[in-house]
Structure formats: structure tokens, C-alpha cells
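The structure appears below as C-alpha cells.
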Ligand SMILES: Cc1ncc(COP(=O)(O)O)c(C=O)c1O
Ligand SMILES: Cc1ncc(COP(=O)(O)O)c(C=O)c1O
């Protein structure tokens, strides 16, 4: 049932506003669109010397899934680096497509809230967009902190 | 039956070689292709002061229908002008398409040989090509005798 | 003559199926369902007359060529075109628009201008942007009013001596606004420009008479008029087509190919390179004949009543909660309604509605510039077709109420 | 595993019909007949899963998107592509060739060269001529041998430092010659050029492995592989596609449309503007699965034997009367035979054969430059498919003998 998607927990995470808002003077800023639905995520990052995220601010024009995913990042991405988030993003993609199980890492346990989305292929990108954005932002930061659009 | 097309009379006309061959020093020369099958008619005309055909030579790379039509022109087109041949060409087209009866003009009575072609739409152009060529050649001659290709 | 939506609906196998929950298909602006006579016509063609067209002399080739030609005549007749040879079959409305952007575009000089609007579907924006970037033409844009109609008061500022074409939608796929064609044609004629109408959202619901409209190009898609996928139509005035260079190259569109140089067949073949969508043309012909069997004015009244029911129902949910886009009651609109619910994303709404069997679309509807004008990421759109009825509209409204309770 | 042509033939409704006279369909190179499972797959799709793809969240949209994606996977698998995203659906082989001529063509500079051949179908000539005339590239042509094969001995003279692409047919639709791909790929690689194969006449009859071929672009049409009309395929290497600009503009192929500027979606969407041929893709998937159920090597042997029977039968009519085009027995050929009868026009032959229920094609077969090379207006062509049998070939030969008695 598609309404399974809209569990209490997911709706709560989508409303949690973790990391919501823009950062002053970010090291890198990135906006990513989902061409299929017009969702848009803007991310600001502060990074430490080692390239780990020190602070994250996001502005999401998106659905419950996209907002929840961005808030999960806002809660849990601090201290993560490009490699670990890239791995995570691929793991989520694979899990949504039914290729393997969901990550069990405790830090990311709220990912289970997205499990029902696997049955709705058209919504996969809604979940993935914030994760893709953070990976791309860190990549750009690693390349010299170019400010992307 | 499609074999009705290939009556004795039509095969004889196709083999008649009336007007076959090129003219020396033509007033106008025109080559017309049928893009759908690669048939090609080359016409040379001598015209009198009034724009009537004084001599006609043709070279046809085409089917029985096309050759028969060109030979019919070779037999009968001498003395005809642009207007009368244009009318004739339209009449043949209309008759092939079943829009009206075949011309009954005695000069063109052999047109009846083409009646079975009406049932074969893909062959209409084979019949028409020489008539279109002569009309176009006379038009170009009227415009100042440009040598078309 | 009158119109019975349930009789019409009976012709749609997919709508007759026992869905659980019952299906309320309100995504017709994206793709309409296909009528059974269309499927039957295609099946009959493929099992009795399948062959390539135009070049063969055997009986199947003759039959296929005949069927393809008849389809062209049916389309010409449906649009009241002067001549079947004014009908070019393409693979869709988008392909038709690209054809014009390339073939007509090739006749433009740098600095010449094409006028589009903020209301356009991407398919009537991007080809012109690509033309601009290729050739240096200018692109001018008619803005929309708050209500989502073309702001024609600005025409005198936008249309000028360099304008060569005004290319706008006949009916918006987002606001439902119907374009007032008269003033546009007048403005174009005053400067010697051409007019193109994108009829993708108009042909399924209304009588379209290209001669009466006075435009130069018209296009639409098969899959939105209860016909097959993979086919579209470009209509253009005969004398205009005759002067345009081809767009795609290949078989069937040539007069003579030499390695050094090639000459073109006359229209419409010149614009139909390669084996055309033959079975689809046959299907489209069947779709337009099916559509033509209905009293289109009665269909219009039916759709108008349903649209009003939908708009009023949305108003009942609270105009502060549900913001309906599109023209007010004073202006004509097509049978589709897009709305914004501040705080609830269209995808979530569409997903929750689907749980109740109501199929609507959420997103930008391939009209991002319009979304930008409204400063929205997207909207939810319910779009009607002649087979919809009050039960569909009511199911939509009910499901929406439930969804909003969850999301807001 | 072996192959039974009569079992295969039973899947073709049109071939089962009681024609009078009995039908011997030998015009497969123009269009093959469509397999019943294809018609059934399309019907099932249209009556259970019809919707627009990629953008909708409701269940029909999900089902349609899924079906469309599955079709892409089936095609990728059939060609042994690395990734389904290397498969671009087009409206046909001609459209695929035009796509490359525009998208890859846009990356070329004046003076760069594209190599084609004298053996090409117009669809692989005209798009390159139009590119030449638009952009000033050079067009070089590989001549054919007397036997109708590419004269690869001339490659070193033709391929040079400015060569950017060699675009040739994989199997000729006139001489039946199969292209020796290895030397062409080597010649291209030596100068950093790409290779395109036009596989329209190869995919219906043979195993095609794009990785093993080592080429860069490959294309074919649905209607020649027992699938629907109105669909074709372009395969290209992922990294190549990723670097190409789009060709057609419209919905589905964008990332972000602004009126000032637009960005593109990744491949394959970037190259699929507008609503794609969804039902046709589903049908093509079904066709390739149907084809894949047969032992393609056994099919190859069956067709080789039939082709030989046909060639030998033609020789029996007198090699001075009937001149068979194409490679001699030393060289591989596809299952089609074109021939010239001096003094008898192909249209007359085809018409007379039709009177005996034998459907063949007469004309230039969209290969006028090849006809020019042979100094012929056209030829008569009998082309086979896996469902043909010895009775078809014999009927053709018998009817031909009768026709020649009449015409010569
Ligand atoms: C107004 C309008 N124009 C053009 C199109 C493009 O049609 P298609 O995707 O069938 O090519 C659509 C449909 O999506 C539309 O609504
Ligand atoms: C070798 C070859 N290439 C290209 C084509 C063009 O295919 P289509 O007409 O389906 O686009 C054909 C078929 O006519 C062909 O035989």
C-alpha cells in the first residue's frame, strides 16, 4: 500500500528541521534539481581540514521523502567525509532498487523509514537527491571548493 | 488481377520505340526521376514558334508502363502545346485515381491500355512520369528554354 | 445530439478493468487512455496489411500505402486542412515542434525573432532555445498573467519587425488557459510573421479548424487523443511546407540521391524520413474517427461541467489551503486543474491519492519556466477526458481531503 | 538445439491467413511481419499499464515506467551492451542515424571527415550530406567492389588524420554483403575515429554483440526485427553518450529549463525528447525476447541454405538473363538476393510475381548511389526471414520464370 510510505516516523523526520536553513560563508554551496519532478535541494557545507563536514545547512523544495532525507543528513552527516557518504549513497540506491539490504550502521538506522519507498520506483530519486547533493558538494570542495550551481 | 496489366497491347506499345532516342540540338531537355522507384525519363523537344512540339525524343529507364506512356507521347504529342498536354496529364491522373472517366479524345485512345493500372496505386506514377516530364519541359521552354535536369 | 460519458468509457478496456481500489484516471493531459477501436484497427492492420509503404508494388505494400494515405486524409479532415499533403506524420508533438524549429528555423537569419510564452511546455521552449544557440536568433517571451493566461496586452512590445514566428500553446497543460488566437494572428500578420499553435491539449477535447484559426503551423500527439503512442502530427500550410528544407534525412524523403548532392521529394514526404509510423498512423486515424463520432460540443459541455465541479470542490477545501491555478470563470479553460497546497508537496499528494485509486500528476508538468513565474516547485494536476464523470471528480476531492489531513 | 521455420511461422497471424493465391512474403528487408507475442504484449500493455513514463507516481505511471525500463534492459541484453543506459529509443533506424549525425556531428569541426560507403541505405547517406552542407565537414566514400562488398583495400587512402567517424552498414540491404568489421575498427582506432554500424539488416538474422564488434554506435529498426513500427534503437558507448549534446529538445530530456538557459538530463533521457514510443518499446522488447527464444545459429544455417537455394535457382534461369548481385560463395552474405534482368524492369517483375502471391520488392531500395555504381535504375529483391521456407523460394523462382517469359 502506498500509504505505508507516510508513516508517523517519516512524517516526523520530514518535519524535524534538522540542519534546515542556510549557513553563513559556506565552504561550498550546491543546488541539485531532480529533473523529473522539479524538486530542488540547496546545501551549504563547512568542512574541516580533513574534508569532513563540520556544519551542514540545507534548503529543500521537495516532498516528504526528500525533506526527511535532508533532515537525516542534517542530524547525522557531521563528521562524515566524501568517501563514507559516497558509499552510503550507493548503498541507499542499491537498497531502494532491491539489489541488497539496507545499511545497518547505527548512525543511519532511520534509513529504515525509507524502506517502503523501494516499492515506488518513481520516488527513489526523492530519497536520493539530498545524498547525491552532499556527495557532489564534497567532490567539488575536494576539487578546490568551486561554488557550484 | 494484376496480370491484366500486362496485356498484349500494352506490351506492344512498350516495345514500339516511338520517338525513342535523343534529338540533336533540342530546344529543351529535361530529365525527371520517380523518387519512389528510380525510374527516369529524359525528354528532348523541338518546338515551333507557337510553343507546339515539333519533334520529341525520349530515353526511358523505366518499366513497361513508363515506356508505353513515353511511346504514346512519341506517337501523339507532335503538334501539342503546353496547355493541351497539361490538361491531358491532369485527366490521366484523375482517371487513374478513379475520379473521372478516361479521356475519350481519339488521338489518345491508346490510353485505355493503362486502365488496369488504376487498380495499382503504386504504379500510377510510372504511367504519369512521361506526361509530367513533357509538361514540365514545355513549361521550362515557355520560360525561356532553360535546360533543366 | 448529446453525449454519454459511460458509453464512451465502455470503449476503454483499461478503464473497464476491476481495479482495487477502483481506478479514477485523471492524468489524461499526460496520456489519455486508448480506445478499443484503435487497438482493433492496429491489430487488423498488422495482421492483414503489414508492409512498408510507398515503394512496394505487391498487394500488402499497396494495402499498407493505402491505409497510411487514408490515415493522412482522416487527420486532414479532422483539422479541416485544405489538403492531405499538408499533414506530416511525426513521432509525436515534440518531434513536430522540433521539425519546425529546424526546417523553418533554417530559413531565419541571426537577429530574427521567435516569440514563445512563459506558459509553454518544454517541448515548445527547448527547441527554440537550441535554435537560438545554433543560429543567433532572438527569443522573446510573452509573460503570463497571475491567472495563468497569456498577457496579450504586452504583444505590441514583444512582436516587432524582426518577429518571424509566434509559437504558443493552444491550451495550457498547467493552467488550462485557452489561447485567444485572433489577436496573436493579427499581431503576426501585421509584421509578416507566422503563427504556430501547440495543440497537444486542445485536439483531445475540442473542434480544431486550422483554416478558421488562421494559423500557419499546428501540432499534436496521438497518445493524448485516445490514439497510439509514437505518433504525432504537424500540419502546415501547403505553400509554406513547399518552401521549407527537410529536417531529417533518409529513405522516402528524397527525389534523387547522388553522393555529391541530393534533391528532395515534395511535402509531406520531404519531412518523413525513413519508414514512418504506419500502424500508428492507422491507429491515429481510428482514434480521430472514434472521436469524431461524438458530438464534440456536447463533449465540451460535459467537460466544462466536470471542470467546474472540480474547481468548486477544491474551493470548498479552503482557498487558503488549496490554491487553484488558472483563469477565473470569466475566461475559457480546458478540462484540467492544477493546484498548489502550501506545505504539501505535489508528489506526496499524488502518491496518497493513488492509494485511493485516483491517478493525478504532481510535478512541474514540463513547464518549469511557468513554475518559476509562480515560484513553485510543482503543482498537483487533475486532468479530465470525455470518459470521466462526476464520480471521478468526487473521488479525487475526497481522497485529497484525506491526504491533506495527513500532510498538513 | 535446432530450428523449425514452420513453428516460427505459426506465430505470424498474417502469414497464417488464407490468401488466394497463397502468400510468399519475401519483402522482409523492407518490413518483416510482426510476431503474435509482440501484438499481445502491446495489447496487454495498453489495456493494463498505459500511462506516460518517468514523471508520474501513480500505479499506472509506475507500471508504464517499469515496462519501458524493462524493454530497455531487454534491448541492452540482446546487443550485449554494458549498461541499459547505453540504449536510446528512437522512432526508427533513420531517426537513430540522424540523431548521431546531429549530436556527434555537433562535435565536429569544418574539415573533419566522416567516411561512409557506396553501399549505404539513403538513411546513412543523406544525414551526413546534410551535416556536410550545414557544417563544412568532408564526406569520404568507400567504394564497392563489383561483387557489392566494401572495397576495404582502399581504406588506407580514405581514412586519414581528419577522419572522425566511419559510418557503414553492417549488412547491405541490396547486395546482402556482410561488412568485415575488424579492419574498419582497426583503421578507425589508428586515427582516433569512431565507428558506427547500421544494423538494420543484421539484427533480424544474427547474433549482434556490440562489445565484441568493438564499435561505438549501432542502430536498428523495430519493424524489421518482427517488432512494431515507429521504434528504433541507437546504442552507443556510455562515455560517448555522456559527452554528446542533445539533438531534439522537449520534455523528459532536461535537467532544468530556464527561459535563459537549459541544462540536460544524463543519457539516455537526454536523447529522448518528448513522450517516447512506450508501447512500441514494450513491443520491441517482446520481439527480441521472441527472437532470443530461437537458436540463432540454427536460424542462420536455415537462412543460409534458403539463400543458396534462391541464388542457385536464379542461376538456373540463365546467368545471361538474370544477373545476381552480391558476393560469391567465398564471402558471407545476408539472406537477401537482388538481381537484374536486362530488358525487364524490376517493377514489372515484382508486379507479375505479386500475381502469383510472391511479394518481392523492385526499385532502388533506397540505395541510389549503389544503383549508380552498377548503372542500374533498380533491381528486384527477394529478402528472407526465419519463417520462410523452401516453398517460398520455389514459388518465387517459378513465378519469375513465368514473368520473364512474358516480359522478354
Ligand atoms: C502543451 C503540450 N505540448 C507538447 C507536449 C508534448 O507532447 P509529446 O510528449 O507527446 O511529444 C505536451 C505533452 O506532454 C503538452 O501538454
Ligand atoms: C541498411 C538499412 N539502413 C537503414 C534503414 C532505415 O530503416 P528505417 O526506414 O526503419 O528507419 C534500412 C531500411 O529501410 C536499411 O535497410
List the distances, in nm to one decimal, from the label point of residue A:17 to the label points of the same position in every other copy, shortest first, placing each label point 7 Å from Cα along the Cα-to-Cβ direction. 10.1
Ranked by how many other beta carbons lie within 10 Å on average, peptides C:67-78, D:276-287 from highest: D:276-287, C:67-78
Just order D:196-203, C:18-25 by mean Cβ neighbour count inside 10 Å, highest at the front, would you? D:196-203, C:18-25
Viscosity 0.692 mPa s, 37 °C: Kirkwood-radius Stokes-Einstein D of segment B:17-142 over Cα pairs, µm²/s: 230
If you fit an axis through the alpha-carbon atoms of helix C:278-292 and take the longest principal axis of the Cα set of chain C, what angle between them do you get, 0 to 90°, nearest 10? 50
Once the Cα atoms of helix D:59-78 and of chain D are each reduced to a long axis, what angle between those two axes, in degrees from 0 to 90 to the nearest 10, is obtained? 60
If each part is reduced to its alpha-carbon centroid, segment C:181-196 and segment D:7-62 end up apart, in Å, by 44
Starting from the Cα coordinates of segment C:176-242, work out the convex hull volume and express it per residue in Å³. 94
Shielding by other protein chains, C:226-234, mean Cβ within 10 Å: 6
How many angstrom lie between the Cα centre of segment A:110-140 and the Cα centre of segment C:114-133? 32
By how many nm would the segment from residue C:146 to residue C:77 grow when fully extended, if each residue of separation counts as 0.36 nm and the alpha-carbon distance is taken off? 21.1 nm
Assuming R0 = 22 Å, what is the FRET efficiency of residue A:25 and residue A:84, from their Cβ-Cβ distance, to the nearest 0.05? 0.35
Considering the rotational relationship between chains A and B, which residue of chain A contributes the beta-carbon of minimal distance to the axis, and what is that distance to the nearest Å? A:35, 21
Compute the helix-to-body angle for B:124-142: its Cα long axis versus the longest principal axis of chain B, expressed 0 to 90° and rounded to tens. 20
Sort A:128-135, B:31-38 by the packing proxy (mean of other Cβ within 10 Å over each peptide's residues), most packed first. A:128-135, B:31-38
Ignore the peptide's own chain and count Cβ atoms of other chains within 10 Å of each Cβ in D:100-109; give me the average, rounded. 1
Separation between the residue C:297 and residue C:106 pseudo-spin-labels, each 7 Å from Cα along Cα→Cβ, expressed in nm? 4.4
Based solely on its DSSP helices, what 222 nm [θ] is calculated for the protein assembly as shown when runs of n ≥ 4 H residues each add -39,500 (n - 2.57) and the sum is averaged over all residues, nearest 500 deg cm²/dmol? -11500 deg cm²/dmol
Using a 10 Å cut-off around each Cβ of peptide C:132-140, what is the average number of partner chain Cβ atoms that fall inside? 1
Nm distances between the label at residue C:319 and the same-position labels in the remaining copies, 7 Å along Cα→Cβ, shortest first? 9.1
Which value, in Å³ per residue, describes the convex hull spanned by the Cα atoms of chain D? 143
To two decimal places, what compactness ratio does segment B:83-122 give when its Cα radius of gyration is scaled by 2.2 N^0.38 Å? 1.09
Going 7 Å from Cα along the Cα-Cβ axis for the label, what nanometre distances separate residue A:78 from the same residue across the other copies? 10.7
Model label zone, residue D:190; criterion: amide N under 16 Å from point 7 Å along Cα-to-beta-carbon; scope segment D:154-179: D:154-166
Quick check: the distance between the Cα centres of segment C:299-330 and segment C:228-284, to the nearest angstrom? 42
Here the gain from full extension of residue C:321 to residue C:239, 0.36 nm per residue of separation minus their alpha-carbon distance, amounts to 24.3 nm
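We did not get these values from a lab; they are worked out from the coordinates using the rules stated. Since the structure is predicted, the reported quantities are computational estimates derived from the model, not experimental observations. Glycine also receives a Cβ, built like all others from the backbone with ideal geometry; neighbour counts cover every protein chain displayed.
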